[in-house]
Every structure is written in structure tokens, then in C-alpha cells.
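Data first, discussion second: the structure below is written as C-alpha cells.
The values are calculated or read from the model by the stated rules, or taken from the named source; none is laboratory data. The structure presented is a predicted model; accordingly, all values stated were derived computationally and were not measured. In this analysis, Cβ positions are derived from the backbone assuming ideal geometry, glycine residues included, and neighbour counts consider all displayed protein chains.
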Amino acid sequence: MHVPTIQPGTLVSRAAKSIRARLSLAQSATPFNITLLSILVMLFFADIVLSQFVHLTGISIFIEVWPETLFLFLCLLYCVLRPLPRLVETTELVIWSVLLSNALSPLVLIAGRSPRPLVDQDLMLIDRRMHISTEFFIYLVDQSHVLKLIFVLAYSSVGPLAVITILALPFFGYAHATRRFVLGTTLTLILSSAIFALWPAIGPWTTQSFRPTSEQIGVASYLMRLKSPGPVEVDLIHVGIISFPSFHVALAILCGVALGSFRRIRVWLWILIGLVCISTVTTGWHYGIDVLGGIVVAVVSIAVAGWILQSNCKL
């Protein structure tokens, strides 16, 4: 039986390759990690202080993710020691996504406690001036079961698109695109929360004569609870309460820009993103102006995230 022998030169070559891989990862990821760590610390501090100020209780539920985080850190350690560069980047970005999503969610609810009056009537009037009617689009789509199903599936595709963006892109060597996505999504939600606090709205079902879904009724009910005086408990089911601007649209565009790294799917991808934007109206969740607001917020966040990452590369 022939037993293959490993030459000393091969071992040295492997060790050198391992060291180069680790140095490359450290150089590319360290400024980005420092940036996100700074944002994360500020977010947690803001969550604690602002939740006390607006009497929002139960936000500790968002930081009780240490078992999942610990498991992911162990996976990261294994990938670093191997080394498995692409899995290191993937695991690292998954960790940031988990931590930031849990830090950003209370911010949305805190924004919902804003004393500012609801602006649904104003948003409806803006839509009328643009000759857009959510009610009309719903009626139009309801005439075709196939068309209605297409838009429902498109609306539901944003979550899977975000997961694919975080998991697939780093694995196939597009970690930079995922870093821009994670940072851009963070900036988008911060900016959207600030706008939502200033111009809060429930949704077009409150100003137009179409029947809301049970989920939309639940969102409206919880937002009214947030608007009421006295302490309010965190409700994990209705965290997605932002109407203007549409975070759904912004997130879809962020996914489209990131996943556009795969050139072969760009055309089909942007067709899907377009359907997602339209579906936010046809499903009754948003006014037309919400969609435009989401597009503007996404463009601004992508530009700022790109500038931050470019600045990090010069460090």
C-alpha cells in the first residue's frame, strides 16, 4: 500500500497560505468591524435611554440572543483556525446581522411612541396629486388570481432575498457587497425610524375603503397603543410598523444592488425588485408616496454606506 508523503516545502507553503489568508481577512474586515461595533454600542445605549424616556417596557427581549450569538462566535473561531476565509466572512456578517437587527428593532418602536400626530390624510392627498390610489391598484389586481398571487409572492420575497444576500455573496467572493448591504440596511432603518417619528402613519386602509387584512389590523392596533399615554410593552409580532417611508421597498433595493454582483441574474433580479415595489401598494400596505420615500432612503443609505466603506479602505 502506497502511503503519500508530505514534503516539508508543502507544509511551509500551506502555512504561508494560511497566514496570508488571515492577514487578508484582518486587513479588509477590521475597519468595517470597528465601524459596526461603534454603531452597535450607540444603538444599545440609545435603546436603553430612549425606551426609559418614552416608557417602552420589555426591550430586554431584544438582547437575549446570547445563545445564538455564542454559537455563531464558535463557528467563526472554527473557520478562522482552519482557515476558511469565505466562511469566516459569511459567519462574521451573519453575527453582525443578528446583533444589529436586535439593536435596531427597539428603535422602530421608540419612534412609534412619538407624540407627533398621524399623517395618513396628508399622505393620501399627496397620492391623489400624483394620481395614485392604493384602493384602485388593489381592485385592479383582485381581478386576476394569478396577478394577485404574483404580487403576494413578490412582497414575501424580501426576507429570503436578504438572507441570500448575507449568506451567498460572501461565500462566492462578494463580501464587500454584503458589507455595504449590512451597513446600508442599518443606516436605512435608522433614517426610516427618524422619519417615522416625525411623520407617523398607519397605512392606506385607514383612509380608503378597502378591507384590511388581520395583520394590518394588528399593526394599526399596536401603533395606536404606542401612541397612547402610559407604559407600553414590546410586541415582537408587530415590529414592522413603519409606513412612510417604506422600509420594505428600501430593503428590496438594497438586496437588488448587492445581489447585482451576480451579473447573470441582474435583469430578472430587478424585475423582481420592481414587482416588490409595486406589491407594497397592491397588497394594501403602503401609499404610493411611501414607495418613493423608500427609494430615496435606499439611495441615500447606499451612497453613505459606500462612502464609509471607501473611507475605511484608505485607513
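Restricting region 226-242 to residues that are under 20 Å from the mean Cα position of the chain (by Cα) and in a loop (DSSP other than H, G, I, E, B), the residue that is nearest to Tyr155 (Cα to Cα) is Gly240.
Kindly evaluate Val297 against the criterion of being in contact with a Pro (Cβ under 7 Å, 6 or more places away or on another chain) and within 25 Å of Thr35 (Cβ to Cβ). Against the criterion (in contact with a Pro (Cβ under 7 Å, 6 or more places away or on another chain) and within 25 Å of Thr35 (Cβ to Cβ)), Val297 qualifies. For region 134-183, filtered to residues that are over 20 Å from the mean Cα position of the chain (by Cα) and of a type in the set (D, E, K, R), the residue that is nearest to Tyr287 (Cα to Cα) is Glu135. Based on this model, can you work out whether Pro160 counts as over 27 Å from Tyr222 (Cβ atoms), out of contact with any Phe, Trp or Tyr (no Cβ under 9 Å at 6 or more places or on another chain) and not hydrophobic (A, V, I, L, M, F, W, C)? For Pro160, the condition - over 27 Å from Tyr222 (Cβ atoms), out of contact with any Phe, Trp or Tyr (no Cβ under 9 Å at 6 or more places or on another chain) and not hydrophobic (A, V, I, L, M, F, W, C) - is not met. Out of curiosity, is Ala303 farther than 17 Å from Gly203 by Cβ and of a type in the set (A, V, I, L, M, F, W, C)? So Ala303 fits the description; yes.
Just so you know, in region 301-315 the residues that are part of a helix (DSSP H, G or I) and without any contact (Cβ under 8 Å) to a residue 40 or more places away in the chain include one that is farthest from the chain's Cα centre (by Cα), and it is Ser311. Apart from one condition, Pro245 fits all of (1) out of contact with any Gly (no Cβ under 6 Å at 6 or more places or on another chain); (2) buried (at least 18 other Cβ atoms within 10 Å of the Cβ); (3) assigned to a loop (DSSP other than H, G, I, E, B); the exception is (1). Restricting to region 47-65, name every residue that is at pLDDT below 85 and surrounded by 12 or more Cβ atoms within 10 Å (Cβ to Cβ). Matches in region 47-65: Gly58, Ile59, Ser60, Ile61, Phe62, Ile63, Val65. Residue pairs whose Cβ atoms lie under 6 Å apart, sitting 6 or more positions apart in sequence or on different chains, and linking a residue in region 21-46 that is at pLDDT 55 or above to a partner that is surrounded by fewer than 15 Cβ atoms within 10 Å (Cβ to Cβ) and hydrophobic (A, V, I, L, M, F, W, C), are Pro31/Leu315. Mind checking which pairs have a first residue in region 66-86 that is surrounded by 14 or more Cβ atoms within 10 Å (Cβ to Cβ) and a second that is small (Gly, Ala, Ser) and part of a loop (DSSP other than H, G, I, E, B), Cβ under 8 Å, 6 or more apart or different chains? If the second residue must be small (Gly, Ala, Ser) and part of a loop (DSSP other than H, G, I, E, B), the pairs left are Arg86/Gly173. Filtered by the rule that a residue be among the aromatic types (Phe, Trp, Tyr), surrounded by fewer than 19 Cβ atoms within 10 Å (Cβ to Cβ) and more than 18 Å from the chain's Cα centre (by Cα), region 252-300 gives Phe262, Trp268.
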